[in-house]
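As structure tokens, the structure follows; a few thoughts come after it.
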Amino acid sequence: MAHYMIVSRMTGLVLDVERGHHEVHPGTRVMTWKRKEKDNQWWYDDLETGTIRTKVNGFCLDIEGDGELRVMPYKHGDPNQQWERDVAAGYIRNRVDRNKVLDVMNMNTEKGAKVGAWTANGGANQLWNFEGPGAVPAAKAAPVVQKRREFYIVSELNDKVLDVKGASTAAGAPVVMWTKNNPVSKNQLWYEDAHGHIRSVLTDFALDAQPGKDVVLQPSNEGPSQQWVVDGKLIKNKSTGEVFDIVRGNKDNGTGVCSWKHHGKPNQLWRIENV
């Protein structure tokens, strides 16, 4: 994907994820800073979700309750994450309220200035340039996200399904096997995004597992631990070739799932069932 920098026309400073050279957590502040061209100053358009995301870990630009711009995991349908670039006008507009734009708060010209959202007024503190290979949008995101295909991931060992344990919405939530719920519950449903990640309908977090480790849910990123594809009856990692494996072939509800070397036994075989 093509990334770009967001440059304030008022100061020449760029949008920067605070402390981006360290681990970026949900709610980390976005501010203006001098150009360093590190990953925390590069952004990309996610046309599927209508969001603008940081190169660091895929978190989205989000106006939080205090009115400041921060980065957060994607939340389906949240208007505070719905932003698009109006390159001709120089605005970054909210896709739900088109008259709301990103704004350097209090016309602060110093590095570290807070960024928020305000009614468009043409002020220099609301105008931005976009620089880099992704500066010109490839296409305009539609106001409404197209309907996605949702599905169960069913074990051939026991007909149980992948389930977010306890319907947890926390990053790092474990993925386990469980009897299919009736009525349908979001913690057992999955979809594939435009980047090839398999994501939870409950939280939009992606299936994530390091080699030999348990499968958990994490905010979407470009790392190999989230590069899983359905390959026949296997769910295989593109980089390592390891596959999803029910731990020790246990058939009980609550059994964990891990990444493991392929051996072809039933605890590594799956099928996709559309909802």
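Nothing in this text is a laboratory measurement; each read-out follows from the coordinates by a stated rule. As the structure is a computational prediction, the values presented were derived from the model and not from experiment. Virtual Cβ from ideal backbone geometry, glycine too; neighbours counted across all protein chains shown.
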Among Lys34/Lys100; Lys55/Lys236; Lys75/Lys114; Lys55/Lys165; Lys38/Lys236; Lys38/Lys111, the pairs whose Cα-Cα distance exceeds 27 Å are Lys55/Lys165; Lys38/Lys236
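How big is the stretch 5-131 by the Kirkwood estimate over distinct Cα pairs, in Å?
Evaluated on the stretch 5-131, it is 14.1 Å.
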What FRET efficiency would be calculated for the residue pair Asn129, Ala170, taking the C-beta separation as r and a Förster radius of 30 Å, to the nearest 0.05?
-> 0.20
To the nearest 0.05, what FRET efficiency results for Glu64 and Lys251 with a Förster distance of 45 Å applied to their C-beta separation?
-> 0.55
What does the charge add up to near Glu192, with Lys and Arg as +1, Asp and Glu as -1, over the other residues with Cβ less than 11 Å from its Cβ?
-> 0
So how do 121-131, 98-108 stack up, highest first, on mean other-Cβ count within 10 Å?
-> 98-108, 121-131
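Would you please give the FRET efficiency between Asn99 and Arg149, computed as 1/(1 + (r/R0)^6) with r the Cβ-Cβ distance and R0 = 25 Å, to the nearest 0.05?
0.15
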